[in-house]
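Everything below concerns the one structure shown next.
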Amino acid sequence: MNHDKPLGQALREQGVSRRGFLKFCATTASLMALPPSMVPAIAKALESARRPSVIWLSFQECTGCTESLTRSHAPTLEGLIFDNISLDYHHTLQAASGDAAEAAREAAMEENKGKYLLVVDGSIPLGNPGYSTIAGISNLEMLKEVAEHAAAIIAVGTCAAYGGLPHAKPNPTGAVSVEEIIKDKPIVNVPGCPPIPVVITGVLAHFLTFGKLPELDHLRRPLAFYGNNIHDRCYRRPFYDKGLFANTFDDEGARKGWCLFKLGCKGPVTYNACATIKWNDGTSFPIEAGHGCLGCSEPNFWDMGGFYNALSESTMDLSRTAAVGIAVGAAAGAASGLLNRRKKSKAEAAHETVTVKDLQREEKS
């Protein structure tokens, strides 16, 4: 676990040219919504940055977050960052197992006390410590132990950020999020089921460059990636504004790529970068593949109603005229603004429901 080698040196030893490195810095700046003038500062900071120790704990999860992260295409932000941090513990990816694996975690904690980053994916069961254990240690106990001397914590995926699917009703294991347990550490949530890989690595790049976490929203999500809802950046938005909707997944509207709002798309109330960064090296995202957004980067998305039920309970025919479509578009925009302005606590926001009456009151105001 040699953390003394600067990142710039490590990249040069891997054959990364100066031009490639600056392109990487420019990509980092763009992803984090930083101005081009910050590229030299990022380059200078990253060249001299030491490889940080990262301890990754996986609790009640499906390994989807790790699978997402490993679906990188070299040379990418994912590859460059994860080749040049010291990923000292990750029980899915590490070669060691058993006693050797736990010894590596303990050594990383001791050698980098107060400096290492803790990445967590998966929820933590409180109902019974035996529901989920690692090396005979309960998830709760291990989280508290490793978090104690961490510099910061990144909760990766909706399970770690909000409790996720294990937290869904009736929540048999008593699953909770990281922030419901750890109260005295900087925490950034990177929700999604799973999250986009470059969002995870973008947060790491920001920490490497500036020595702190990026600016966050009221749910502790990086504003650079979660500052806009999917609906406003969706390529199908013009069809929405014209009142052109698919009514089934195999009708004429679906074949023509019309808006999926009536089929339950949660894009208007879901904040994520799916529509801009996309997946699989920028190839596509669920809406582009013909399926509505499930809202997986929002709290309690599993329990917020049927995936295929439209957000509005209005009885009006959304597709009868273009004018109606435009009105609905304005109402949906008002709904997302309404959710932001309410500034509720996390617990309240987790149970937020947008109703027709809310939309009507917001339009009048």
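Structure notes:
- Förster radius 30 Å - calculated FRET efficiency between Arg50 and Ala100 (Cβ-Cβ, nearest 0.05): 0.75
- Placing a pseudo-label 7 Å from each Cα along the Cα-to-Cβ vector at Phe307 and Ile134 gives an inter-label distance of 2.8 nm.
- Between Ser30 and Asp250, full extension at 0.36 nm per residue minus the direct alpha carbon distance yields a gain of 75.5 nm.
- Estimated at 0.36 nm per residue, the fully extended path between Ser37 and Lys23 surpasses their Cα-Cα distance by 3.7 nm.
- Sequentially through the stretch 29-36, phi angles give Karplus couplings (6.51, -1.76, 1.60; θ = phi - 60°) of 4, 5, 4, 8, 6, 9, x, x Hz, Gly and Pro residues having no value and appearing as x.
- Principal axis box of the stretch 7-226, alpha-carbon based, largest edge first, Å: 53, 38, 31
All of the numbers you see were taken from the coordinates with simple rules; none came from a lab. These numbers were taken from a predicted model, which means no experiment stands behind them. Note that each Cβ is placed from the backbone with ideal geometry, even for glycine, and that neighbours are counted across all protein chains shown.
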